[in-house]
């Protein structure tokens, strides 16, 4: 959306998100792409129980509401479709995003948890380094579910970023080397 209508955006905040087509798919999730058994494995790997387990595994700072996130059977089926489809075509889905990151010309903040079990800090650093002038902030003790695990800290990071963008603080917002804020 930012690339299609950049004038509508003052800045961009990314939190613990994949942006690359070459992201390794860890075992057992890689089984969702296995020939012959892939569809059955996807049903098992992205069942309501497995999704609840992933939510618990992804969180390190406090509790997350697993039931609300996983939802009923229909919501779990929708999540399974999205996950399985994404894993089947990472280069096709994320390649365009990866190629677009260097052309972004707006202030950007990339926020990562230092205990993210799905995407290591190096993935966050790579994301921030791909966006010219992006800031990189690490939340100590946080896993993958940043807005749920540390909502106040995440909101504070976004608020500080927005204030500096609105104030035109270019020295803080852009042009500084990518370095974790701890």
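Each reported figure results from applying straightforward, stated rules to the coordinates on display, with no laboratory input. Values in this document were obtained by computation on a predicted structure and should not be read as measured data.
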Determine the distance separating the Cα centre of segment 62-139 from the Cα centre of segment 153-168; give it in Å without decimals.
20
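Below 8 Å, C-alpha to C-alpha, sequence gap of six or more: please give me the relative contact order for segment 12-115 in percent.
Numbers: 92 pairs, mean separation 50.3, N = 104.
Result for segment 12-115 is 48 percent.
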Rounded tilt (10° steps) of 73-88 against the dominant C-alpha axis of the chain
70
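Please state the relative contact order of the chain as a whole percent: Cα pairs under 8 Å, 6+ residues apart?
Details: 279 pairs, mean separation 48.8, N = 182.
Here the relative contact order equals 27 percent.
Which whole number in µm²/s is D for segment 1-90 by Stokes-Einstein, with the Kirkwood Rh taken over Cα pairs at 4 °C and 1.567 mPa s?
Values: Rh = 15.1 Å.
In µm²/s, the coefficient rounds to 86.
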Considering every Cα-Cα pair within the chain, what fraction, in whole percent, is farther apart than 20 Å?
59
Note: residue 8 to residue 170 extended length (0.36 nm per residue) minus current alpha-carbon separation gives 56.4 nm
